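The values are calculated or read from the model by the stated rules, or taken from the named source; none is laboratory data. Note that the structure is predicted; figures quoted are calculated from it, not measured. Here the Cβ positions follow ideal geometry from the backbone for every residue, glycine too, while neighbour counts run over all protein chains shown.
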Amino acid sequence: MPANPSSPLQEAFCGHWLSQAVITLHHLDVPGLLQRLAAPSLASLSEAIGADARALWQLLEIAKKLNAVTQEADGHYRLTELGMRLLPEHEDSFIPFLDHLQMGYPAWVGLAHSVQTGKPAFDRVYGTDIYSYLTGNPAQNTFFNRYMAQTTDTWLADAGKHYGFSGRVIDLGGNKGALSAMLLKQFPDLQTTLFDLDQAVKQAPAVLDAAGVAERCRIVAGSFFESASIPGDGDIYLLSRVLLNWNDAKVLEILRNCRLAMPAGSKLLILEIILTENAGLNDYLSSLNLLVMFGARLRTHAEFERLLSVAGFGQLNWIAAGVGENPLFFLDAKPN
Ligand SMILES: C[S@@+](CC[C@H](N)C(=O)[O-])C[C@H]1O[C@@H](n2cnc3c(N)ncnc32)[C@H](O)[C@@H]1O
């Protein structure tokens with residue numbers, strides 16, 4: 001590693017060293033032990049983990065540089081406020097996202113396969129697609145759904161201010177209901193139907209109850225790849241951050257299935273992160289992550305407009321819904 005990387009290119013070389021160091025802190029339960037042992041010494045922490053003390057010391061030095069851990073005058077280690085977020089039980093825990101990164105790590109090693117074929121390296125490495133994999137791994141599925149809910153709470157917090165929701169919203173791919181709950185709180189006359197795979201909606205009652213909106217949200221388990229399972233009584237068919245998980249062929253299938261289910265007078269409403277001309281490094285990395293994990297990508301305005309037109313939608317209307325630099329947009333459309 002260059003001692004003083006002088007360009008973003010050189011800084012990029014060892015990015016995986018840093019992320020693996022952080023993920024390893026979690027895997028060895030270092031944050032949990034720092035809490036439970038109440039500021040242990042290196043010797044007692046090594047003993048509790050069954051770790052090589054010299055090796056563990058190096059990891060802790062890195063954690064100190066990242067401001068996750070501090071060391072007191074007597075040499076004992078403690079989590080900082082930021083480091084507390086490495087505890088899975090913390091309300092704003094980083095662990096659901098880190099779990100997603102770790103699950104994606106072997107797939108990212110196959111990035112060349114994804115770039116050559118446009119297909120998800122995840123499927124090749126794991127022998128199945130990500131949603132089937134999550135179905136068979138309930139602990140990771142819980143983290144994944146929690147990560148979704150966290151990003152809903154942070155990225156979509158103000159989205160409702162940019163669109164006048166009314167009537168019944170069919171929240172397609174609504175996960176465990178974080179967005180439905182948010183909208184129901186913002187719009188007191190709104191009704192929603194939370195529609196997602198069984199593995200996601202079964203976690204919804206707790207979220208809706210906690211938000212005090214359960215009586216205005218109907219829960220339906222189903223798949224948007226089966227048009228008959230999509231409820232036919234909505235006013236707004238909402239696809240929030242759903243299409244970014246699918247390739248063009250699958251997006252067209254989802255859009256056509258919605259169109260079949262939608263009653264006269266209803267609207268399709270897409271909420272997506274758009275790849276704009278101002279996109280930065282992180283936007284392109286997120287888009288590549290969607291490719292590696294799902295065989296999908298972030299799309300431009302023009303790419304969405306083409307897909308909607310092919311699927312038989314018109315009267316398209318873009319509404320910016322982002323906070324600051326966040327390139328979040330609503331796109332509403334009507335069946336032709
Ligand atoms: C990226 S999450 C979006 C969650 C939520 N809409 C939001 O914006 O916060 C994508 C969702 O699509 C759901 N999903 C995947 N396949 C599905 C299917 N065949 N039918 C319905 N939902 C599906 C996933 O379970 C997941 O909750």
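Look at I236 and say whether it is more than 12 Å from the ligand (Cβ to nearest atom) and either closer than 27 Å to N326 by Cβ or of a type in the set (F, W, Y) (or both). Answer is yes for this residue. There is no residue in the stretch 127-141 that is closer than 16 Å to S287 by Cα and polar (S, T, N, Q). Going through (1) more than 11 Å from the ligand (Cβ to nearest atom); (2) surrounded by fewer than 17 Cβ atoms within 10 Å (Cβ to Cβ); (3) not aromatic (F, W, Y) one by one, D198 falls short only on (1). T193 - would you say it is surrounded by 19 or more Cβ atoms within 10 Å (Cβ to Cβ), more than 8 Å from the ligand (Cβ to nearest atom) and either modelled with pLDDT of 95 or more or not assigned by TED's automatic domain parsing to the domain that holds V242 (or both)? Yes: the conditions hold for T193.
Considering only the stretch 297-321, how many residues are part of a loop (DSSP other than H, G, I, E, B), at pLDDT below 95 and either of a type in the set (G, A, S) or surrounded by fewer than 20 Cβ atoms within 10 Å (Cβ to Cβ) (or both)? Within the stretch 297-321, residues that are part of a loop (DSSP other than H, G, I, E, B), at pLDDT below 95 and either of a type in the set (G, A, S) or surrounded by fewer than 20 Cβ atoms within 10 Å (Cβ to Cβ) (or both) number 1.
Entry remark, the stretch 217-246: residues being of a type in the set (K, R) and surrounded by fewer than 18 Cβ atoms within 10 Å (Cβ to Cβ) number 1 in total.
Tell me yes or no: at least one residue of the stretch 141-157 is surrounded by fewer than 15 Cβ atoms within 10 Å (Cβ to Cβ) and over 16 Å from P96 (Cα atoms). Yes, the stretch 141-157 has at least one match. So which residues in the stretch 281-336 are charged (D, E, K, R) and within 21 Å of R259 (Cβ to Cβ)? Correct list: R299, E303, E305, R306, D332, K334. The residue that is surrounded by the fewest Cβ atoms within 10 Å (Cβ to Cβ), counting only those in the stretch 114-131 that are within 13 Å of the ligand (Cβ to nearest atom) and of a type outside the set (S, T, Y), is D129. Among the listed residues L34, L25, which satisfies the condition of being out of contact with any Cys (no Cβ under 9 Å at 6 or more places or on another chain), more than 26 Å from G104 (Cβ to Cβ) and not aromatic (F, W, Y)? Answer to the selection: L34. For the stretch 132-156, a residue qualifies if it is closer than 22 Å to T192 by Cβ and within 11 Å of the ligand (Cβ to nearest atom), and the qualifying residues are F144, N145, Y147, M148, A149, Q150, T151, T152, D153, T154, W155, L156.
Of a type outside the set (S, T, Y), at pLDDT 95 or above and under 15 Å from L290 (Cβ atoms), is that true of F144? Against the criterion (of a type outside the set (S, T, Y), at pLDDT 95 or above and under 15 Å from L290 (Cβ atoms)), F144 does not qualify. Among the residues that make up the stretch 209-220, is at least one of them assigned by TED's automatic domain parsing to the domain that holds A264 and within 15 Å of I254 (Cα to Cα)? No, the stretch 209-220 contains no residue that is assigned by TED's automatic domain parsing to the domain that holds A264 and within 15 Å of I254 (Cα to Cα).
One residue stands out in the stretch 160-176 among those that are within 9 Å of the ligand (Cβ to nearest atom) and not charged (D, E, K, R): the one that is nearest to R259 (Cα to Cα), namely L172. Filter the stretch 214-233 down to the residues that are closer than 24 Å to Q140 by Cβ and among the small types (G, A, S), then identify the one that is farthest from the ligand (Cβ to nearest atom). Ranking the qualifying residues of the stretch 214-233, first place goes to A221. With respect to (1) within 27 Å of N326 (Cβ to Cβ); (2) more than 10 Å from the ligand (Cβ to nearest atom); (3) surrounded by 18 or more Cβ atoms within 10 Å (Cβ to Cβ); (4) modelled with pLDDT of 95 or more, the lone exception for A211 is condition (3). Within the stretch 94-125, the set of residues being polar (S, T, N, Q) and in contact (Cβ under 8 Å) with a residue 40 or more places away in the chain comprises Q102, S114.
Filtering the stretch 119-134 to residues that are hydroxyl-bearing (S, T, Y) and in a loop (DSSP other than H, G, I, E, B) leaves only T128. Would you confirm whether any residue within the stretch 166-173 is surrounded by fewer than 19 Cβ atoms within 10 Å (Cβ to Cβ) and not charged (D, E, K, R)? Looking for residues that are surrounded by fewer than 19 Cβ atoms within 10 Å (Cβ to Cβ) and not charged (D, E, K, R), one finds at least one in the stretch 166-173, hence yes. In the condition set (1) crowded, with 18+ Cβ neighbours inside 10 Å; (2) more than 23 Å from the chain's Cα centre (by Cα), G32 is compliant with all but (1).
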